[in-house]
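Notes follow the structure.
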Amino acid sequence: MPPRRVLGAYLAEARSECLRYLRAPGFLLPVLLFPGLFYLVFGVLMGRSEGADAARYLLASYSVFGVMSPGLFGFGVSLSLERDGGLLTWKRALPMPPGAYLLGKMLMAMGAAAVVVLMLLAMATGLGHVAMTAEQAVALLATGMLGVLPFCALGMLVGTLIKGQGAPGMLQLVYLPMSFLSGLWFPLSMLPKSLQQFAPVWPSYHLDRIALTAAGLTHDAVLPHALVLAGFAAIFFALAVRRLRRVG
């Protein structure tokens, strides 16, 4: 197939995925609005009296909490439902590149992550009066858009293991405890030391460290955390693809 036609197939599948989710607001709106409600209550209303650094800390951490959702649920729930409904089998029969389906979902998740971060930035600056430079805002946006990918991989793995009706509940059991144990809702120093020691095993912890650096709150080296996230993504994707070949 000529390169132009291959590129067109990828773009068409990406467009199709985005349109499908835009036409299903009952699924998409909770994924986008749930982090905003959390941030409004705990980041804006309760964080006003904690100082400028605390306000930026909450923005960065709740941005990570927000971008996890499109990856986990956008991939996990939809893949599980589509696998049960036979859509994956039908798509395999179509004359399109095998990676176009996954690329379309990844682009959808990255777009949704961008919307989440931009929404939280608007709330932070408009309601919380959080001081952010343009460079920090762009860095936080880029962190969210790229940082969603490991959670796409994790969602994909869960989607291959759990049937459609059970996927949302299982993903909630992954999403909320991981956020809590990574220090996304409040600083890790408030957790027992035994739990603090296990925080680096969660991909959300490493994305949070990158987000805090993007917001100018820490000076951690970004590369080690990025490599850990890339490793998580590669392992989860490899396991999910292997599982999908067997059950899809």
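In table form, for the structure just shown:
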item	result
Members of the range 41-72 that are open to solvent by 20 Å² or more (accessible area, probe 1.4 Å) and modelled with pLDDT under 85	Val41, Phe42, Leu45, Met46, Arg48, Ser49, Glu50, Gly51, Ala52, Asp53, Ala54
Top-ranked residue of the range 108-128 - restricted to ones that are more than 15 Å from the chain's Cα centre (by Cα) and of a type in the set (Gly, Ala, Ser), ranked as modelled with the lowest pLDDT	Gly128
Filtered residues of the range 174-221 (kept if among the small types (Gly, Ala, Ser) and touching a helix residue (DSSP H, G or I) at 6+ places or on another chain (Cβ under 9 Å))	Ser179, Ser182, Gly183, Ser189, Ala199, Ser204, Ala211, Ala214, Ala215, Gly216, Ala221
Residue match in the range 194-208 (condition: of a type in the set (Asp, Glu) and over 18 Å from the mean Cα position of the chain (by Cα))	no
Neighbours by Cβ (under 7 Å, 6+ apart or cross-chain): first from the range 41-63, farther than 14 Å from Ala131 by Cβ; second at pLDDT 70 or above and charged (D, E, K, R)	Ser61/Asp208
Leu195 more than 27 Å from Leu107 (Cβ to Cβ), in contact with a Phe, Trp or Tyr (Cβ under 7 Å, 6 or more places away or on another chain) and either open to solvent by 30 Å² or more (accessible area, probe 1.4 Å) or polar (S, T, N, Q) (or both)	no
Subset of the range 181-192 (residues that are assigned to a helix (DSSP H, G or I) and under 19 Å from His225 (Cα atoms))	Leu181, Leu188
Residue count for the range 23-40, restricted to those that are loosely packed, with under 12 Cβ neighbours inside 10 Å, at pLDDT below 70 and part of a helix (DSSP H, G or I)	2
The range 118-134, subset out of contact with any Ser or Thr (no Cβ under 8 Å at 6 or more places or on another chain) and not in a helix (DSSP H, G or I), residue most open to solvent (accessible area, probe 1.4 Å)	His129
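Residue by residue, here is whether (1) at pLDDT 85 or above; (2) within 25 Å of Val115 (Cα to Cα) holds:
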{"position": "Gly166", "(1), (2)": "no, no"}
{"position": "Gln196", "(1), (2)": "yes, no"}
{"position": "His206", "(1), (2)": "yes, yes"}
{"position": "Leu212", "(1), (2)": "yes, yes"}
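Per-residue answers, yes or no, for (1) open to solvent by 60 Å² or more (accessible area, probe 1.4 Å); (2) in contact with an Asp or Glu (Cβ under 7 Å, 6 or more places away or on another chain); (3) over 27 Å from Ala55 (Cβ atoms):
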site: Leu176; (1), (2), (3): no, no, no
site: Gly183; (1), (2), (3): no, yes, no
site: Leu191; (1), (2), (3): no, no, no
site: Val201; (1), (2), (3): yes, no, yes
site: Leu207; (1), (2), (3): no, no, no
site: Thr213; (1), (2), (3): no, yes, no
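Okay, residues lined up against (1) more than 24 Å from Val201 (Cβ to Cβ); (2) open to solvent by 60 Å² or more (accessible area, probe 1.4 Å); (3) in contact with a strand residue (DSSP E or B) (Cβ under 7 Å, 6 or more places away or on another chain); (4) not in a helix (DSSP H, G or I):
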| position | (1), (2), (3), (4) |
| --- | --- |
| Leu102 | yes, no, no, no |
| Ala109 | no, no, no, no |
| Ala113 | no, no, no, no |
| Gln136 | yes, no, no, no |
| Leu149 | no, no, no, no |
| Gly169 | no, no, no, no |
| Leu173 | no, yes, no, no |
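The values are calculated or read from the model by the stated rules, or taken from the named source; none is laboratory data. Being a predicted model, the structure only gives us computed values, none of them experimental. A quick note on method: Cβ atoms are made from the backbone with ideal geometry, for glycine too, and the neighbour counts reach across all protein chains shown. We work out accessible area using only protein heavy atoms, side chains counted, and drop any ligands, DNA or RNA first. Shrake-Rupley method; radii C 1.70, N 1.55, O 1.52, S 1.80 Å.
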